[in-house]
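Notes for the one structure printed next.
The values are calculated or read from the model by the stated rules, or taken from the named source; none is laboratory data. Note that the structure is a prediction, hence the values are computed from the model and not measured. Reconstructed Cβ throughout: ideal geometry from the backbone, glycine too, with neighbour counts over all protein chains shown.
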């Protein structure tokens, strides 16, 4: 099964009463919701941690970060000029510059991370990690996905 798209939401829902513990009080419960779509099928996943890690190392911000920055990018096959799920004419870039990614607001990853890579001359390769032999092909310099660089 191929995942066509992921939608990631970080929501805070107010509690009727604050949850008070030795470390303080929480006034909201935080949830990270993920909707995965494949063709006409979809599935939801949820994590409902506290806003900040307390009794567990899991916090809403870390869950959201891991899903949006590490998991989700591994189920795409490259950088497109528009959303290929919404635009049938979307074109994948074989190569694109950091500045183009930022100026076109392509949101392939956090903008600060793109700037850090640009300023330190660290090339990025956006590709589908789940695809058979994709990692081996990128390590052997075969064209896979999109190369982001200068």
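So, residue 28, is that one surrounded by 15 or more Cβ atoms within 10 Å (Cβ to Cβ), part of a loop (DSSP other than H, G, I, E, B) and at pLDDT 75 or above or not? Before the answer, list the steps.
On the way: surrounded by 15 or more Cβ atoms within 10 Å (Cβ to Cβ): yes; part of a loop (DSSP other than H, G, I, E, B): no; at pLDDT 75 or above: yes.
So residue 28 does not fit the description; no.
Which members of the range 49-86 meet the condition of being modelled with pLDDT of 75 or more, farther than 13 Å from residue 4 by Cα and loosely packed, with under 15 Cβ neighbours inside 10 Å?
The answer is 82, and nothing else.
Between a residue in the range 102-116 that is closer than 14 Å to residue 92 by Cα and any residue that is part of a helix (DSSP H, G or I), which pairs come within a Cβ distance under 8 Å, given they are 6 or more apart or on different chains?
Pairs found: 106/100; 108/73; 108/101; 108/114.
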